[in-house]
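Only the coordinates and a few stated rules stand behind these numbers; no lab work does. Fair warning: this is a prediction, and the values are worked out from it, not measured in the lab. Here the Cβ positions follow ideal geometry from the backbone for every residue, glycine too, while neighbour counts run over all protein chains shown.
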């Protein structure tokens, strides 16, 4: 295993499945201790066992990051346990699709709470620790990685509010990057195309069918592909900042 993140501590939200789970494993393989944050404690425990089997440290933190106090507590528990936080991966997200007309407003609220507010809560809580790690930590640089989507670049019918949340993540990331670039905290935006995760499964059957039809003939990305991209971002030399990285399936238009 590589040791490029030896001595580093990462917190990964939404780490109970998909991209978050794969990212936690990838960062552990690089030598990081990892705090695992999501609502499904049983899945986090299973993941922690895998990480500990590598000889790395893992901390299980069941939390709902849409509650500001829980997001803040997750960060504080991480620092209390490991003494440091120099990588935050804001991965938690939901995608609830459908036309605006006759939409369930509760689904809009859920997406805004998870995709935007949860990300903001975690970023705000982590920022003082990331800034301190950039000054005092083993790498003399820190990373805040926000997982967005191609939907944050391209708006399509049937995904208006999801588009809005992901465009918002992109705008926030760029503004924050400019605010703290000279303090050696790198803010990076990772934008996946279609990935073989459970993300689309939370939608109505007809929407799932339409999504499958749209990507007929396209081999989707695997979670490990995005984890590899995130690991690439956070293992660059301290003077290199990867501001944005878009990863699409090869055959996607």
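If you look at just the Cα atoms of region 35-105, how large are its Rg and its Dmax in Å?
Gyration radius and largest Cα-Cα distance of region 35-105: 15.6, 52 Å.
Arranged by the count of other C-beta atoms within 10 angstrom, fewest first, what order do 190, 34, 195, 240 take?
On the way: 190 26, 34 29, 195 21, 240 10.
Listing 190, 34, 195, 240 from fewest to most nearby Cβ atoms yields 240, 195, 190, 34.
Normalising by the residue count of the chain, find the relative contact order in percent from Cα pairs under 8 Å and 6+ residues apart. Don't skip to the answer; put the middle values down first.
Working: 501 pairs, mean separation 48.2, N = 253.
Reported as a whole number, the value is 19 percent.
Only counting other Cβ atoms within 10 Å, I'd like 81, 29, 136 sorted with the fewest neighbours first.
Details: 81 14, 29 18, 136 10.
Ranked by crowding around the Cβ, least crowded first: 136, 81, 29.
Which value does Rg/Rh take for the chain over its C-alpha atoms, Rh per Kirkwood?
Working: Rg = 17.3 Å, Rh = 18.2 Å.
When Rh is taken as the Kirkwood radius, the ratio is 0.96.
Which FRET efficiency, nearest 0.05, do residue 240 and residue 124 yield, Cβ-Cβ r, R0 22 Å? Spell out each step's value before the answer.
Details: r = 26 Å, r/R0 = 1.17.
For R0 = 22 Å, the calculated efficiency reads 0.30.
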